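Colleague: Before I ask anything, here is the structure I am working with.
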Amino acid sequence: MHDTSSSNVARDIAQELAGCGVKLVASLPDNWLIDLITTIAEDTRFVHVRVNREESAIGLCSGAYMGALGSAALMGASGFMTVVYAITKINYTYEIPLFLVLTLRGAVGDHHKHHVSNGLYLRAVLEAINMPYLIIESAKDIPAISRCFHHTRIYTRPMAVLLTRDLLAGRAS
Amino acid sequence: MNYLDCFRALAARRTDEIVITSAGNSSQAWWALTRDSEASFYLDASMSLSSMFASGLALAQPELKVWAFMGDGAFCMNPGMLMVEREMNLPNLVHFLVSNRVYGATSNAALPNFETNDYAAMARAMGLERVFEFRSIEALERDFAQLSAANAPGHTFVVLEVEPFSAAEQKMEQPPFDGPELKFRFGRHIEARTKCTIFGYRL
């Protein structure tokens, strides 16, 4: 039985990230991610770096990989849409693993009209650049985060997990 | 100051620093002068991220000294990087901003506001404390020891005011590595230097 309050979901995701060796977390906020980012920022198992441009998170995490430091980049769907250049140039050219934690903005239940574009294009863009992704929509699926992180190391390219609104709001057991 | 002379002076003073270059001229110049195929990562494939890449590495391996080169064309795409660098404030990172006031890798096309951009002032305005600016080889050679001082608190930002590449210099060879080859050469060097494991994984 999963406790699905928002803060407990954040705690479980943080636990999963720490458990698979993530130490550096670079983030730029999305409202849906605030609890998770706050949880990570307060957790001494992580070095949390606030960035002011999503591409900076891509650079940081890629450099951390070359120093054998596990990392994750947290950002909203809109932020991801700005980093295709950095990812295709760095992570695809050099085959550097990268683990992304994104919001599944624009899906059913997102009442913000300005995220309709993400509903239309986020997954289409991921597929266009051949980036594997997994939608995490239930608390019981949080352990898949570790498997996805490890897949980036085998695949030696980026992979993303997309977190749903209901999951992050603690409404998806 | 001449771009290649500046890099020659830096290369001569380098000891064991790890180097990250940026797209375009800094990669060409560093490769031409050092032929380093192990301890330098030529991040040709990206503008504006060499210092962030270097920061991730410097954070991961604090015993390594890391130099990041970046042209001002790349810098102007994301000057907010300095806010992140200031917060991280890594004492083992030196960020060299190679200012030639043009997009050097793009036929020396002019930068916006190139005549008045004051990069050192921008850095100080973001709270950086170890900011250096060099306009001559003589000054660089005289003060190099300060910018590379051991145990200096916080990270170091160095503006190098250089002339753009000449037409002949633009034709210098690019570092001749495919991406994965460069990753493995560099990564194996980091593994050997630090005893870390980058490429291994457990099932």
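Colleague: In chain B, once you exclude exposed GluC sites (Glu not before Pro) (DSSP loop, at most 11 other Cβ within 10 angstrom), what's the longest stretch remaining?
Modeller: Working: sites that count: B:E63, B:E115, B:E173.
Answer - B:1-62.
Colleague: Run the paramagnetic zone check for B:E181: 7 angstrom along Cα to Cβ, then residues of the range A:69-101 with backbone nitrogen under 19 Å.
Modeller: Residues A:90-96 fall inside that zone.
Colleague: Sticking with this one: Starting from the Kirkwood Rh over alpha-carbon pairs, what translational D in µm² s⁻¹ does the range A:97-173 have by Stokes-Einstein at 37 °C and 0.692 mPa s?
Modeller: Numbers: Rh = 13.0 Å.
Translational diffusion coefficient: 253 µm²/s.
Colleague: Follow-up. Give me B:S48, A:S146 sorted ascending by neighbouring Cβ count inside 10 Å, so fewest comes first. It would help to have the intermediate numbers written out before the result.
Modeller: Numbers: B:S48 25, A:S146 15.
Neighbour counts put them in this order, fewest first: A:S146, B:S48.
Colleague: How big is the range B:44-203 on each of its three principal axes, counting only the C-alpha atoms and giving the largest first in Å?
Modeller: That works out to 55, 38, 30 Å along the principal axes.
Colleague: Still on this structure: Just list whichever of B:K65/B:K171; B:K65/B:K195; A:K89/B:K65; A:K23/A:K113 have alpha carbons separated by over 27 Å in the model shown.
Modeller: Pairs exceeding the cut-off: B:K65/B:K171; A:K23/A:K113.
Colleague: So for the range A:18-111, Kirkwood radius off the Cα pairs, Stokes-Einstein at 37 °C and 0.692 mPa s: how many µm² s⁻¹?
Modeller: Answer, rounded: 243 µm²/s.
Colleague: Something else about it: If r is the Cβ-Cβ distance from A:S138 to B:A110 and R0 is 41 Å, what FRET efficiency results, to the nearest 0.05? Walk me through the numbers on the way to the answer.
Modeller: Values: r = 54 Å, r/R0 = 1.31.
The computed FRET efficiency comes out at 0.15.
Colleague: Same structure again: In Å, the Kirkwood hydrodynamic radius of the range B:96-191 over pairs of distinct alpha carbons?
Modeller: Working: mean 1/r = 0.0617 Å⁻¹.
In the range B:96-191 this quantity evaluates to 16.2 Å.
Colleague: With an 8 Å cut-off on Cα pairs and a minimum separation of 6 or more residues, tell me the relative contact order of the range B:61-203 in percent. Kindly include the intermediate steps, with their values, before the conclusion.
Modeller: On the way: 161 pairs, mean separation 36.9, N = 143.
With pairs under 8 Å counted, the relative contact order is 26 percent.
Colleague: Counting alpha carbon pairs within less than 8 Å and at least 6 residues apart, what relative contact order, in whole percent, applies to chain A?
Modeller: With pairs under 8 Å counted, the relative contact order is 28 percent.
Colleague: If you bin the C-alpha pair distances of the protein assembly as shown every 10 Å from 0, what whole percents do you get?
Modeller: Binned Cα distances yield the sequence 5, 25, 32, 22, 12, 4, 0.
Colleague: Next question. Write down the Å³ per residue value for the convex hull defined by the alpha carbon atoms of the range B:1-58.
Modeller: Spelled out: Cα convex hull of the range B:1-58, divided by residues, is 87 Å³.
Read-outs throughout are calculated quantities, based only on the coordinates presented, and are distinct from any laboratory measurement. Keep in mind it's a predicted model, so treat the numbers as computed, not measured. Glycine also receives a Cβ, built like all others from the backbone with ideal geometry; neighbour counts cover every protein chain displayed.
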